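Following: one structure in structure tokens, then a few remarks.
The values are calculated or read from the model by the stated rules, or taken from the named source; none is laboratory data. Note that the coordinates shown come from a computational prediction; the quantities given were computed from them, not determined experimentally. With ideal geometry, Cβ positions are generated from the backbone for all residues, glycine too; neighbour counts draw on all protein chains shown.
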């Protein structure tokens with residue numbers, strides 16, 4: 001069971017460590033992730049109710065950490081992002097539902113940085129913006 005953003009063993013009431021699997025009402029799994037002392041810690045996968053993977057990444061001490069990838073239900077990659085202890089950090093890419101890259105963005109410790117590029121629906125560069133350090 002989950003309370004105040006912590007997971008507890010429903011039988012003992014202690015903070016849960018181990019693999020946690022949740023399901024949709026139709027029986028398909030909705031999420032699989034590892035918990036350590038009640039917090040998400042390690043690999044995490046989230047699923048559509050059809051059973052197809054929606055998002056995959058990892059947590060460290062309850063916060064998104066490292067590479068996260070999101071897909072459409074048909075398997076088309078929609079986004080790739082990086083976090084450092086729950087803060088946006090690194091290259092972010094976003095594609096549309098047809099698989100055309102639409103955005104390339106960069107973050108450093110949660111702040112916009114570097115050159116950001118936006119593409120139109122035909123895959124042509126539509127805009128660029130530079131977030132240089134001041």
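Identify, from the list 97, 104, 121, the residue that is surrounded by 15 or more Cβ atoms within 10 Å (Cβ to Cβ) and either within 20 Å of the chain's Cα centre (by Cα) or in the same structural domain as residue 79 (by TED's automatic domain parsing) (or both). Just a single option satisfies the conditions, and that option is 104. Within the option set 73, 97, 55, being part of a strand (DSSP E or B) and on the phi < 0 side of the Ramachandran plot holds for one residue only, 55.
Considering every residue within the range 65-73, establish whether at least one is over 30 Å from residue 128 (Cβ atoms) and either within 12 Å of the chain's Cα centre (by Cα) or assigned by TED's automatic domain parsing to the domain that holds residue 129 (or both). Taking every residue of the range 65-73 in turn, at least one turns out to be over 30 Å from residue 128 (Cβ atoms) and either within 12 Å of the chain's Cα centre (by Cα) or assigned by TED's automatic domain parsing to the domain that holds residue 129 (or both). In the set (1) under 30 Å from residue 19 (Cα atoms); (2) surrounded by 14 or more Cβ atoms within 10 Å (Cβ to Cβ); (3) not assigned by TED's automatic domain parsing to the domain that holds residue 10, residue 32 fails one condition alone, (3).
Here 57, 18 are screened, and the one residue that is surrounded by 14 or more Cβ atoms within 10 Å (Cβ to Cβ), touching a strand residue (DSSP E or B) at 6+ places or on another chain (Cβ under 7 Å) and outside the structural domain of residue 90 (by TED's automatic domain parsing) is 57.
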